[in-house]
């Protein structure tokens, strides 16, 4: 089982690496949270995105993601729910006075767990992620190498694992670049507003996506 050639693994890891390096909504969400709240917020967002992506891997392996590709109604429901959630996050950030970003004064509800949940929801409510896994992973299914579902799960898990090697350094770099800014209330207020604009932009981008 899982008997693949060297060419197979070379092609897969090259494609997965390039895909993880290309900027997208996940990158934007993680870096925005890092800029707004520092390393802890960035890692919370990152783990949330990974969890949501892993959920899409499970759905692709189970064949559930095919529903998004086949049903215009299902795609639209998930898309608009995700867009509305991102816009709501953006409006909440725009209304902030920046106090939640001051060092040592973050409110309890702005801890790592809410940000982690936001990352999970942002990833899960992006139908394009599910459709990506459904389109990308089957290309690496090899007849006779094992059950199709198991092969899809293995390759999907490896895609997330590669992201785990790429994204943490970005969080650390982003934290170092913006950490001192969060100690200034005026700057932190504008960072909140910038975060709000990013979230609303991501929401509008998702709303404009087509199947």
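The table below lists the values:
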quantity	calculated
Helices (runs of 4 or more DSSP H) wholly inside segment 117-211 containing at least 3 residues that are under 16 Å from residue 87 (Cα atoms), under 16 Å from the mean Cα position of the chain (by Cα) and at pLDDT below 85	185-207
Subset of segment 16-27 (residues that are part of a helix (DSSP H, G or I) and surrounded by fewer than 16 Cβ atoms within 10 Å (Cβ to Cβ))	17, 18, 19, 21
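The values are calculated or read from the model by the stated rules, or taken from the named source; none is laboratory data. The model shown is predicted, which means the values in this text are computed figures rather than measured ones. Glycine also receives a Cβ, built like all others from the backbone with ideal geometry; neighbour counts cover every protein chain displayed.
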